[in-house]
Amino acid sequence: MKLVFLGPPGAGKGTLAVKATVLLKAPHISTGNIFREAIAAGSPLGVKVKAIIDAGKLVDDGTTIELTRERLGQGDVKDSFILDGFPRTIAQAEALAGFSNIDRVINFDVPDSVVIERLSGRLVCRKCGFNWHKTFNPPEKAGVCGKCGGEIYTREDDRAEAVKKRLDIYREQTAPLIGYYREKGLLTDIDARPQVDAIL
Ligand code: ADP
Ligand code: ZN
């Protein structure tokens, strides 16, 4: 099964993907995670995208498409994957159609108020990527991931200004993908208001 998770930042795509990847035996591919790993490693890609990501803007289509094309060409994702955070523009969706056949696009439907509440309290593990939340799902020991012992931190792009920017960009550039995939008969809507733990 080849799935795309579509939705605004903070909709719970990554959290649900981490759970679904085990059940479906489908590797989880998050372009955001790939970029963050590149930044942490200080690779040329990381150096190129750091300022863009910290500001909450989108990395250019050319770079993102190439990276995804390359990742989807690897053997472990020949039959199934969960693509989380790609495509985010119509140009990316059209490029994706040229190198992969998607079975289903899951649209995470959630109001802005919930997104802002979630992102403003989000804490991320530097090591395993797990998402904690200051109020809804705090780690037992402050600053330490309860899953892997890694260090947890607040993403630069989860600051209020960057969150607003990401929501604006989502509305302008990513939300049109809902109609694009609905027309192709590929879209399934889910109500992403409940916490992911209540969904799966
Ligand atoms: P979110 O929590 O906003 O869903 P992600 O972890 O998916 O965040 O992505 C973090 C950042 O990485 C985005 O704000 C953007 O700068 C960059 N990024 C990730 N995927 C893409 C993409 N498909 N196109 C352009 N930029 C991307
Ligand atoms: Zn961890």
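From the set of residues in the stretch 132-141 that are more than 10 Å from ligand 2 (Cβ to nearest atom) and outside any loop (DSSP other than H, G, I, E, B), which is nearest to Ile39 (Cα to Cα)?
His133
Restricting to the stretch 104-149, what's the tally of residues that are surrounded by 15 or more Cβ atoms within 10 Å (Cβ to Cβ) and of a type in the set (S, T, N, Q)?
Of the residues in that region, 4 qualify.
In the list Arg104, Arg126, Arg122, which residue meets the criterion of being farther than 18 Å from Leu167 by Cβ, within 16 Å of ligand 2 (Cβ to nearest atom) and among the charged types (D, E, K, R)?
From the options Arg104, Arg126, Arg122, the qualifying one is Arg126.
Among (1) of a type in the set (Asp, Glu); (2) closer than 20 Å to Lys127 by Cα; (3) surrounded by 15 or more Cβ atoms within 10 Å (Cβ to Cβ), where does Asp61 come up short?
Going through (1) of a type in the set (Asp, Glu); (2) closer than 20 Å to Lys127 by Cα; (3) surrounded by 15 or more Cβ atoms within 10 Å (Cβ to Cβ) one by one, Asp61 breaks only (2).
Quick one: which helices (runs of 4 or more DSSP H) lie wholly within the stretch 144-200 and hold at least 3 residues that are touching a Pro at 6+ places or on another chain (Cβ under 8 Å)?
Counting at least 3 such residues, we get 160-169.
Only one of these is outside any loop (DSSP other than H, G, I, E, B) and in contact with a helix residue (DSSP H, G or I) (Cβ under 8 Å, 6 or more places away or on another chain): Leu58, Leu119. Name it.
So the residue among Leu58, Leu119 that is outside any loop (DSSP other than H, G, I, E, B) and in contact with a helix residue (DSSP H, G or I) (Cβ under 8 Å, 6 or more places away or on another chain) is Leu119.
What is the residue count in the stretch 10-31 for residues that are away from ligand 2 (no atom under 16 Å from the Cβ) and either part of a helix (DSSP H, G or I) or touching a Leu at 6+ places or on another chain (Cβ under 6 Å) (or both)?
So the answer is 8.
Residue check, Lys164 against (1) at pLDDT below 95; (2) within 20 Å of Phe5 (Cβ to Cβ), all met but one. Which one?
Failed condition: (2).
Only residues that are buried (at least 16 other Cβ atoms within 10 Å of the Cβ), acidic (Asp, Glu) and more than 18 Å from Phe86 (Cβ to Cβ): list them for the stretch 150-185, please.
Asp158
Taking Asp168, is it free of Cβ contacts under 8 Å to residues at least 60 places away in the same chain, among the acidic types (Asp, Glu) and more than 16 Å from ligand 2 (Cβ to nearest atom)? Walk me through it before giving the result.
On the way: free of Cβ contacts under 8 Å to residues at least 60 places away in the same chain: yes; among the acidic types (Asp, Glu): yes; more than 16 Å from ligand 2 (Cβ to nearest atom): yes.
Spelling it out, Asp168 is indeed free of Cβ contacts under 8 Å to residues at least 60 places away in the same chain, among the acidic types (Asp, Glu) and more than 16 Å from ligand 2 (Cβ to nearest atom).
Here are some conditions: (1) within 16 Å of ligand 2 (Cβ to nearest atom); (2) out of contact with any helix residue (DSSP H, G or I) (no Cβ under 6 Å at 6 or more places or on another chain); (3) of a type outside the set (Lys, Arg). Gln195 meets all but one. Which one does it not meet?
It fails just one condition, (1).
Just name the residue that is modelled with the lowest pLDDT out of those in the stretch 6-64 that are among the β-branched types (Val, Ile, Thr) and within 17 Å of Asp76 (Cβ to Cβ).
So the first thing to find is which residues in the stretch 6-64 are among the β-branched types (Val, Ile, Thr), and the list is 15, 18, 21-22, 29, 31, 34, 39, 47, 49, 52-53, 59, 63-64.
So of that shortlist, the ones also within 17 Å of Asp76 (Cβ to Cβ) come out as 18, 21-22, 29, 31, 34.
Numbers: Val18: 85, Thr21: 90, Val22: 89, Ile29: 96, Thr31: 96, Ile34: 94.
Here the residue is Val18.
The values are calculated or read from the model by the stated rules, or taken from the named source; none is laboratory data. Remember, it's a predicted structure, so these values are computed and weren't measured experimentally. Every residue, glycine as well, gets a Cβ built from its backbone with ideal geometry; the counts of neighbours run over all protein chains shown.
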